[in-house]
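Notes for the one structure printed next.
The values are calculated or read from the model by the stated rules, or taken from the named source; none is laboratory data. Everything numeric here is computed off the predicted structure, so don't read it as measured data. We place every Cβ from the backbone using ideal geometry, glycine too, and count neighbours over all the protein chains shown. Quick note on the areas: whole protein, heavy atoms, side chains included, nothing else; ligands and nucleic acids left out. Shrake-Rupley method; radii C 1.70, N 1.55, O 1.52, S 1.80 Å.
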Amino acid sequence: MRCNQSIVGTLGDKKIIAYNVKFENGFEVEVLNLGGVITKIITPDKDNNFENIVLGYEDINDYIENPYYYGAIIGRTSGRICEGNIKIEDREYKLNKNYGLHQGHGGNYGFNHKIWNVQVKENKDCISLILSRKSPNMEENYPGNLNVEVVFNIYENYKIEEIYTCTTDQTTLVNMTNHSYFNLSGNIKRPVTECYLKLDSDEILELDETCVPTGRKINVENTPFDFKNLKLIGKDIDKKEDKQIEIGNGYDHAFMLKDNKSIYMEDEKSKRNMTIKTNQESVVIYTMNYEHEKVAYTGKIPKLRHGICFETQAPPIGRNMCYLEKSLLNKDEVYKQKTEYIFALSK
């Protein structure tokens, strides 16, 4: 196993560096110091063709703006915050409204736009990329100096662990995730609606017309959101008679995870599958419900629903600041988020 580093661009006076981890079996993962973006996860299909199973841009400079958050670390908070208004210890803060009426994915210049410090560590069974930065007090109007570390442990047996750790000097909000768009067909060949999905969830968070949680939960039974058994993603995705599908133009919802906290997706044609395990209580599943305009590494613009995001996190903050308490981090506490991705082939 080896990790190669290469300068692939610049952001102001800082270098954008790609860290490429590759094993003898062909498993390959590439991460940028810009936003901690995962640009490549290379795995084999049933015929031993090695292809990229995440979306990425053709032009490295598109990661600077990264309008779709391809592969990025999201923070301080992920998802929308209703109207950008929060109240912490009786003090009100107004966050930047970069998502129309709301704040989204950390604000105008969230963690996805930052150049991170990166340390490479070769262990006996994996290579670790240790990303760190200090988010200063009132960055994007969040209170507190926040020390952030994100570790990617990359194993030869097609496994990636992502471990997020944060500490603060005053009470603040932290709710981090990764925003990779997966496509198990390889090199974005087919829509993710042709994949099958299963997850351990009985409830979703209801969204209002502006796509923020209302505070109410909906039981998924007999709805398009029931994936308790393996189901084709495209089966119910366009059932606009379901109000929640209409609001999201597909899936763009927080699924509350049960004790198993496991997500499984498979592609029948390539036989690729992936299992996600997390310690978070919800996952926002987003099925790329709108057209993209940037050219991908394939030389083409990805079409509608050619990627799917699994944003493991605490529930997003909705109306009347519902679920805000789930994202609070106090002084002397440690935020710890762990999500594991396991890639394999089905028989």
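Couple of notes before you dig in:
- Rounded to the nearest whole Hz, the Karplus-based 3J(HN,Hα) values (6.51 cos²θ - 1.76 cosθ + 1.60, θ = phi - 60°) of the stretch 57-68 follow the sequence 8, 6, 8, 4, 5, 5, 6, 5, 7, 6, x, 9, with x at glycine and proline.
- Gyration tensor (alpha-carbon) shape descriptor, the stretch 95-225, a/c threshold 1.5: oblate
- Segment residue 338-residue 189, extension gain: residue separation times 0.36 nm, minus the distance between their alpha carbons: 50.6 nm
- Stretch gain in nm, segment residue 169-residue 216, where the contour uses 0.36 nm per residue and the Cα spacing is subtracted: 13.6 nm
- With R₀ set to 41 Å, the beta-carbon distance separating residue 28 from residue 223 gives a calculated FRET efficiency near 0.60.
- Excluding same-chain neighbours fewer than eight residues apart, the lysines reachable from residue 239 by a Cα-Cα span under 18 Å are 231.
- Each residue of the stretch 312-317 is assigned a 3J(HN,Hα), and the resulting list reads 6, 5, 7, x, x, 8 Hz, derived from the Karplus form 6.51 cos²θ - 1.76 cosθ + 1.60 (θ = phi - 60°), x at Gly and Pro.
- Between residue 7 and residue 304, the simple label model (points 7 Å from Cα in the Cβ direction) yields a spacing of 4.4 nm.
- Set of aspartates and glutamates with alpha-carbon distance to residue 243 below 19 Å, sequence-local pairs under 8 removed: 202, 203, 206, 208, 209, 221, 226, 252
- Extension gain, residue 90 to residue 64, is 5.8 nm, computed as 0.36 nm per intervening residue step minus the present C-alpha separation.
- ³J(HN,Hα) computed for each position of the stretch 232-242 - Karplus, 6.51 cos²θ - 1.76 cosθ + 1.60, integer Hz, glycine/proline x: 4, 4, x, 4, 10, 5, 10, 7, 5, 5, 7
- Comparing the stretch 128-175 with the 2.2 N^0.38 Å rule of thumb, its C-alpha radius of gyration ratio is 1.40 (two decimals).
- Under 5 Å, built H, 5+ apart or other chain: amide partners of residue 34: 17, 116
- When all alpha carbon pairs of the stretch 185-265 are counted in 10 Å bins from zero, the resulting P(r) reads 18, 49, 29, 4 %.
- Here's how it looks for residue 228: its modeled amide H is under 5 Å from those of 199, which are all 5 or more places away or on a different chain.
- Accessible area of the chain belonging to carbon and sulfur atoms, whole % at 1.4 Å probe: 43
- Amide H contacts under 5 Å for residue 216, placed H, 5+ residues apart: 206
- Overall dimensions of the stretch 17-157, expressed as equivalent-ellipsoid semi-axes from the Cα gyration tensor (√(5λ), whole Å, largest first), are 33, 18, 12.
- Correct option for percent of Cα pairs over 36 Å apart [calculated from the coordinates] among [x] 15; [y] 22; [z] 37: [x]
- Entries in 189/261; 189/303; 228/338; 40/228; 228/258 that, when Cα-Cα distance is taken, lie over 18 Å: 189/261; 228/338; 40/228
- For the chain, the mean residue ellipticity at 222 nm estimated from helices alone is -500 deg cm²/dmol, where every DSSP H run of n ≥ 4 contributes -39500 (n - 2.57) and the total is divided by all residues, rounded to the nearest 500.
- Rounded to the nearest 0.05, the FRET efficiency derived from the C-beta distance between residue 262 and residue 109 at R0 = 41 Å is 0.75.
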